[in-house]
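Participant: Here you go, one structure.
The values are calculated or read from the model by the stated rules, or taken from the named source; none is laboratory data. Given the structure is predicted, the values throughout are model-derived calculations rather than measurements. Positions of Cβ are generated from backbone atoms using ideal geometry, with glycine treated the same way; all protein chains shown enter the neighbour counts. Only protein heavy atoms, including side chains, enter the accessible area calculation; ligands, DNA and RNA are left aside. Shrake-Rupley method; radii C 1.70, N 1.55, O 1.52, S 1.80 Å.
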Amino acid sequence: MDEQPLRPELHELQVRQHVLSDAGRPDAVAKRHGSGRRTARENLEELLDPGSWVEYGGFAIAAQRARRSMEELINATQADGIIAGIGRANTAVVGEEQAGCAALSYDYMVLAGSQGMTGHRKTDRMFELIERMRLPVVLFAEGGGGRPGDTDHAMVGGLDIMTFSLFARLSGVVPRIGIAGGYCFAGNAALFGLCDITIATEGSSIGMGGPPMIEGGGLGVVSPDDVGPVSMHERTGAIDLLARDDTHATELARRALAYFQGRAHDWSCADQTALRDVVPENRRRAYEVRRAVELVADTGSVLELRPRFGRGVVTALARLEGRPVGIIANNPMHLAGAITSDVADKSARFLQLCDAFGLPVLALVDTPGIMVGPDAEKTALVRHSARLFNVGANLRVPLFAVILRKGYGLGAMAMTGGSFHAALGTVAWPTGEVGGMNLEGAVRLGLRRELAAIEDEDERQRVYEAAVAGAYATGKALSAATYFEIDDVIDPAETRARAVATLFASRGPGPTERRLVDPW
């Protein structure tokens, strides 16, 4: 039987669909690939499960009918530079019922990924749908910000658009994951900064104003690469994850998304007896707390956020028996794990993220307390450290704390929700130590007069060391447990089992309750 020719309207549709695809613009794709980058549609295909993509507004064009022909707009301003839709991701991990998500990607091959008026209408509709459907969202934010060349709308500054307000209103409603690759400036950067988890590729530059805006503000001529390099943003904490390239960034986004989609079907864990050797026998020796984090969590499930910012604490998404959790752990390798302003900000904001989306928290405590000294106070430590108390004391999700070694002063209290008894459970390893401040300092202060009165240096040292040994005998975990300052002392090998039993005994916050997540 001869194949029937397509009806004209169907043929027109297929031609237009081809123009929208990467295959329909080979020159632009070749240029993109030549710069070592993937196209927006390639990133979306990698992010989402095959066959699950449903696009919204693909036939939209730039609002420039007064200055360009329809043919040019169709062929050069596909989707008005913003590809948006819904689909599924991580079905193989969490199952089809939990895998739904939304995705938006600015298309740098269309007017440098700038934000046009039609594009704003698309994002506004998507953000409203995302709120209505409670879908987590991934945003590829590359682009140059607002577009000055649109002509089809009567406006002065366009400051009445709702895009940024609608995206901000999603805070605490759905998780928002942002990816910045290449140049991400102005309005694009504003949306990126609103995201709950931010990912950037190496070589990217992110800033609230691009080179034209900087020059227009009388601040000189700046290369786009120098506006906001990711090497700087990594240190300042503006980005959570640094990716090697577009492929890696998309992999990280997909992985981060899964923690907010539910329980993983398959999991395994390391031999838990290895936890017994994490803390050195020498109580003054530093160690790598990330080893404890990796051992206690499901194998391969740990995703650390902001590793180069607030280095005195490790914050990570992970899983326990397939269930997503947040892990916060003091890092003895940096200032002995003391709570600085950056550490407090990083920790408090991470707790907000966990609380907003129902992730129980495991706290691994080893801190000498809140940092002290004139230099520390210059950072407004009084207020920054208060954030950790404020957020921790108002958590709705369960928090289970394990004192690995040092549990001293206000810093240890802040790590456990404001008090050892504020946490759902506070236990210690046998290496744990509890005190109002570090034992050596307490002895020096408490026995200052007595020690000063001893003229013989060797005798003074002997008395000091004996006093420290006595303080340790009083403050060690087994002693503290007799006063019921902590709930239990456990074999380190029992940590994972105890955490699972405690954290998942509670149902957690109800689905209608909402908590904002600070951008910082």
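Participant: What are the extents of the Cα atoms of the range 250-355 along their three principal axes, in Å, largest first?
Facilitator: 41, 34, 24
Participant: Whenever you get a sec, compute what percent of the accessible area on the range 171-212 sits on carbon and sulfur atoms (1.4 Å probe).
Facilitator: Roughly 68 percent of what the probe reaches on the range 171-212 is carbon or sulfur.
Participant: Same structure, new question: Taking a cut-off of 12 Å between Cα atoms, list the aspartates and glutamates near Lys378, but don't count ones fewer than 8 places away on the same chain.
Facilitator: Cα-Cα hits under 12 Å: none found.
Participant: Same structure, new question: With a 1.4 Å probe and every protein chain kept in, tell me what percent of the accessible surface of the range 14-154 is carbon plus sulfur.
Facilitator: Working: 3190 of 6240 Å².
Heavy-atom surface of the range 14-154 belonging to carbon and sulfur, 1.4 Å probe: 51 percent.
Participant: Which percent, nearest 5, of DSSP beta bridges in the range 55-139 are antiparallel?
Facilitator: Working: 9 of 12 bridges.
Taking every DSSP beta bridge with both residues in the range 55-139, the antiparallel ones total about 75 percent.
Participant: Projecting each Cα onto the charge dipole of the chain (Lys/Arg +1, Asp/Glu -1 at the beta carbon, about the Cα centre), which of Ala393, Gly217, Gly81 comes out farthest on the positive side?
Facilitator: The residue sitting most towards the positive pole is Ala393.
Participant: In addition: What's the magnitude of the charge dipole for the chain around its Cα centre, counting Lys and Arg as +1 and Asp and Glu as -1 at the beta-carbon? Answer in Debye, nearest 20. If you can, show how the numbers build up before the last one.
Facilitator: Details: 55 positive and 65 negative charges, 176 e Å.
Charge dipole of the chain: 840 debye, to the nearest 20.
Participant: Turning to a different aspect of this structure: Where the accessible area of the range 404-500 is counted over protein heavy atoms with a 1.4 Å probe, how much of it, in %, is carbon and sulfur? The partial results should precede the final answer.
Facilitator: Working: 2660 of 4810 Å².
C and S fraction of accessible area: 55 percent.
Participant: Looking at the chain only, what percent of DSSP beta bridges run antiparallel? Nearest 5 please.
Facilitator: Looking only at bridges with both residues in the chain, the antiparallel portion is about 40 percent.
Participant: Need the list of lysines near Lys476 for cross-linking: C-alpha distance under 17 angstrom, and skip anything on the same chain fewer than eight residues off.
Facilitator: Cross-link targets: Lys406.
Participant: Would you mind working out the accessible area per residue for the chain, using a 1.4 Å probe, and quoting it in Å²?
Facilitator: 46
Participant: How far, in degrees from 0 to 90, does helix 8-20 lean away from the longest principal axis of the Cα atoms of the chain, to the nearest 10?
Facilitator: 40
Participant: Please report how far the C-alpha centroid of the range 399-444 lies from that of the range 297-313, rounded to the nearest whole angstrom.
Facilitator: What the calculation gives is 21 Å, centre to centre.
Participant: Still on this structure, I have one more. Is there a quick way to get the dipole size of the range 216-265? I mean about its Cα centre, with the Cβ of Lys and Arg at +1 and of Asp and Glu at -1; what is the value in debye to the nearest 20?
Facilitator: 340
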